[in-house]
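**Student:** Take a look at this one; I'll ask things after.
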Amino acid sequence: MKVSAALSTGELLHCPGLRPGEAARLQRQLARARRGGNRRARVKVRIARVKTREADRRKDWIEKTSTGLARRYDLIRVEDINILGMTRSARGTVEMPGRNVRRKAGLNRSILGSGWGCLVHRLEQKAPGRVEKVPAFYTSQRCSACGHTAPGNRESQAVFRCVACGHTANADVNAAVNIAAGRAVTARGGTASAVPVNREPQHRAPPLVDV
Ligand SMILES: [Zn+2]
């Protein structure tokens with residue numbers, strides 16, 4: 001299963017999807033079925049049913065997760081990602097194919113698949129005035145322990161290991177801690193000042209970041 005959100009508390013939230021292989025198996029059956037045949041029609045119905053079930057599960061998960069977060073936390077900081085912008089830039093244009101097209105496309109799939117935009121939207125509705133979007137710049141490269149910011153800190157997509165202090169963490173949790181602290185790092189590598197919060201003291205430190 002894919003991780004679809006990480007909290008600064010270290011929790012990883014999973015959005016249930018299809019059981020692996022279920023859709024692939026049906027697609028293979030469809031490819032083998034003769035056009036216009038009864039079997040083909042039956043497989044199509046089954047595929048539609050699986051898709052509906054997947055959408056229902058995701059919707060359920062978004063409702064439960066957003067309700068839970070809105071209850072548990074006074075302030076919820078989320079990574080501000082421009083989903084539309086990224087979808088567009090991943091494709092690139094003929095003139096500017098864009099680097100990292102494959103990586104970005106992969107990210108897009110996981111964002112769209114996990115319904116990140118939906119989750120943030122519901123959170124904003126359930127916790128009005130308590131959701132802050134933090135620019136995502138360098139939050140994934142910044143060490144949440146010592147502040148050192150470097151691309152080399154990302155040992156892999158999943159693992160963060162600080163080249164300065166050796167702090168090791170789940171990469172998404174590390175980014176979530178930065179985001180929770182409001183420590184968006186500017187493009188210059190300096191630290192953007194945290195947004196002042198006009199709320200109760202946060203005894204329960206907030207979330208969260210996408211993958
Ligand atoms: Zn460090």
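**Student:** Residue 55 - would you say it is of a type in the set (Gly, Ala, Ser) and modelled with pLDDT of 55 or more?
**Tutor:** Yes, satisfied.
**Student:** Right, something else. Just give me the residues in the range 150-184 being β-branched (Val, Ile, Thr) and part of a helix (DSSP H, G or I), in sequence order.
**Tutor:** The answer is 173, 177, 179.
**Student:** Then there's this: Can you give me the number of residues within the range 61-71 that are loosely packed, with under 14 Cβ neighbours inside 10 Å and within 20 Å of residue 181 (Cα to Cα)?
**Tutor:** So the count comes out to 1.
**Student:** Let me ask something additional. Taking into account only those residues within the range 2-17 that are in a strand (DSSP E or B) and at pLDDT 75 or above, which is farthest from residue 73 (Cα to Cα)?
**Tutor:** 14
**Student:** While we're on this one: Among the listed residues 105, 194, 127, 145, identify the single one that is under 22 Å from residue 10 (Cα atoms) and modelled with pLDDT under 90.
**Tutor:** 194
**Student:** On to the next question. Cβ-Cβ below 9 Å, separation at least six or inter-chain, first residue in the range 120-148 and in a loop (DSSP other than H, G, I, E, B), second surrounded by 18 or more Cβ atoms within 10 Å (Cβ to Cβ) and among the aromatic types (Phe, Trp, Tyr): which pairs?
**Tutor:** Going by the 9 Å Cβ cut-off, the qualifying pairs are 127/73; 130/73; 140/160; 141/160; 143/160; 144/160.
The values are calculated or read from the model by the stated rules, or taken from the named source; none is laboratory data. Because the structure is a prediction, the values reported are computed rather than measured. Reconstructed Cβ throughout: ideal geometry from the backbone, glycine too, with neighbour counts over all protein chains shown.
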